[in-house]
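Following: one structure in structure tokens, then a few remarks.
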Amino acid sequence: MKKIFAWLHLWLGLISGIVVFIISITGAIYAWQPEISEFTQPYRFVTVENKPYKSVTDIRAAAEKAMNGKKAFRILYEEAGKAPVVQFYQKSLTIISTYM
């Protein structure tokens, strides 16, 4: 009986340990998502220049051209040093974002 319980304890512990490890790793990735995005998506950041801003129509036209004629529905301006985000709808009602 002692061998059976030792075997069960070993394998159930390993299986539950793997589950806890996966949950911990995905939680860490979720918690550090902004920092990971900054590292893996450098196109989101632009250098601040002392030039007049592009007009909204120029940004929209460039984004629609890049997305093969899809119609943009929103342009988001964030803080200085970040590119404006142009968002599009897809037929499946999901949102596609393009950084200009």
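The values are calculated or read from the model by the stated rules, or taken from the named source; none is laboratory data. Predicted model, so just to flag it, every value in this text is computed and none were measured. Methodologically, a virtual Cβ is constructed for each residue, glycine included, from the backbone with ideal geometry; neighbour enumeration extends over all protein chains shown. Please note that ligands, DNA and RNA were not included when accessible areas were found on the heavy atoms of the full protein model with its side chains. Shrake-Rupley method; radii C 1.70, N 1.55, O 1.52, S 1.80 Å.
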Hits in the stretch 25-62 (condition: assigned to a helix (DSSP H, G or I) and more than 19 Å from the chain's Cα centre (by Cα)): VAL56, THR57, ASP58, ILE59, ARG60, ALA61, ALA62
Output the qualifying pairs, or none if there are none: Cβ atoms under 8 angstrom, residues six or more apart or on different chains, first residue in the stretch 30-47 and of a type outside the set (Lys, Arg), second residue open to solvent by less than 100 Å² (accessible area, probe 1.4 Å) and modelled with pLDDT of 80 or more. ILE36/ILE29; PHE45/GLU38
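So that you can scan it fast, the table gives a plain yes or no per residue for (1) modelled with pLDDT under 80; (2) within 14 Å of LYS82 (Cα to Cα):
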residue	(1), (2)
ILE25	no, no
ILE29	no, no
GLN33	no, no
PHE39	no, yes
TYR43	yes, yes
THR47	yes, yes
LYS51	yes, no
THR57	no, no
ALA62	no, no
Go through (1) within 25 Å of GLN90 (Cα to Cα); (2) surrounded by 10 or more Cβ atoms within 10 Å (Cβ to Cβ); (3) of a type in the set (S, T, N, Q) and name the single condition THR57 misses. (2)
What is the residue count in the stretch 64-81 for residues that are assigned to a loop (DSSP other than H, G, I, E, B) and either under 15 Å from THR47 (Cα atoms) or within 20 Å of the chain's Cα centre (by Cα) (or both)? 6
Would it be correct to say that ALA72 is in contact with an Asp or Glu (Cβ under 8 Å, 6 or more places away or on another chain) and not charged (D, E, K, R)? yes
